[in-house]
Protein chains: 2
Amino acid sequence: MSYANDMPTVEAVSRTDAGLAAELRTSVMRLRRRLSVERHPDNQLSIGSMVVPGLLHRNDAQTVGELARAEKVQPPSMTRTVTSPEDGGFVTRRPHETDGRRVVVEITDWGARRCWPTASAGTRGSPCS
Amino acid sequence: MSYANDMPTVEAVSRTDAGLAAELRTSVMRLRRRLSVERHPDNQLSIGSMVVPGLLHRNDAQTVGELARAEKVQPPSMTRTVTSPEDGGFVTRRPHETDGRRVVVEITDWGARRCWPTASAGTRGSPCS
DNA sequence: CGGAATAGTTAGCACGACTAATGAGTTACG
DNA sequence: CGTAACTCATTAGTCGTGCTAACTATTCCG
């Protein structure tokens, strides 16, 4: 009873469009489940919330709309996604300098240290690892 | 304003463990969101429910526990996941021949035709594509 | 000034996952 | 045998993540 016998390969079962689509769906869903669980025990941020510091690491000080477009979600989704790292003190909301409609999200010093520690310090326990 | 300028690469930003983990999370979550939306309009099964006919296509007549282990989810999750394709007539539940605790899930003829049409017929509108 | 457009939020829903607890059936052992 | 321990599936309740619809506040423009 080998792994190969238990686990039909794509060649064996899924040469149709529907079969390949099913393989892809199953694989991606499993990977996402795994990623949402495989995080450091100290980590208080969920997989969705961890995305926000990641986006701000690339470009700090982005509006909610920019974050939503970057992550390809609707604005209300990003509004809620930002709430948890904000409550945790990782990021802050502040009004835009010139446009009163916009809200700028920035990473805090503390959040940056927690999420992106220096290489020498390692990333053990980082909320983003 | 090119794609390359807007989209920092892994090389540019994410050489740390935390950075690579963030890249992976973001990519997988986006792909899953996309897959859950990208299905044929005729398709009445959600992404989670589509997994069940796929598993039964490999091995028909599996118990709820076997499906849960194959998909690496907890049994209660699979119990609920099976409900929707069962209500849609794609699969059936029946008691196990010898073990009264077990429940066997099988794909119906109709479900098999709908999910895995012959190659010549194509898979347009298949609940599994 | 006043209407249209834009940005963000709130509220409510769907879906997929989990844990804890329950019921029903099987197995093992004294 | 008969009961205690175990296994399997389900129910109930919760959380996280996405959506749409509707609302508020602000800005833009004619």
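The values are calculated or read from the model by the stated rules, or taken from the named source; none is laboratory data. This one's a predicted model, so the numbers in the text were calculated from it and none came from an experiment. Virtual Cβ from ideal backbone geometry, glycine too; neighbours counted across all protein chains shown. When the accessible area is computed, the model is the full protein with side chains, heavy atoms only, and any ligands, DNA or RNA have been set aside. Shrake-Rupley method; radii C 1.70, N 1.55, O 1.52, S 1.80 Å.
Against the conditions (1) at pLDDT 95 or above; (2) open to solvent by less than 50 Å² (accessible area, probe 1.4 Å); (3) in contact with a helix residue (DSSP H, G or I) (Cβ under 7 Å, 6 or more places away or on another chain), A:Val104 satisfies every one except (3).
Rundown of residues vs (1) near DNA strand D (Cβ under 9 Å from one of its atoms); (2) under 16 Å from the mean Cα position of the chain (by Cα); (3) not assigned by TED's automatic domain parsing to the domain that holds B:Val104, yes/no style:
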residue: B:Gly54; (1), (2), (3): no, yes, no
residue: B:Asn59; (1), (2), (3): no, yes, no
residue: B:Thr63; (1), (2), (3): yes, no, no
residue: B:Glu71; (1), (2), (3): no, yes, no
residue: B:Ser77; (1), (2), (3): yes, yes, no
residue: B:Arg80; (1), (2), (3): yes, yes, no
residue: B:Phe90; (1), (2), (3): no, yes, no
residue: B:Arg93; (1), (2), (3): yes, no, no
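Here B:Asn5 clears all of (1) open to solvent by less than 20 Å² (accessible area, probe 1.4 Å); (2) more than 9 Å from chain A (Cβ to nearest Cβ); (3) at pLDDT below 95 except the condition numbered (1).
For A:Gly54, are the conditions met, namely being over 19 Å from B:Leu24 (Cα atoms) and of a type in the set (Gly, Ala, Ser)?
For A:Gly54, the condition - over 19 Å from B:Leu24 (Cα atoms) and of a type in the set (Gly, Ala, Ser) - is not met.
Annotation for region B:36-59: no member residue is facing chain A (nearest Cβ under 9 Å), in contact with a Lys or Arg (Cβ under 8 Å, 6 or more places away or on another chain) and open to solvent by 20 Å² or more (accessible area, probe 1.4 Å).
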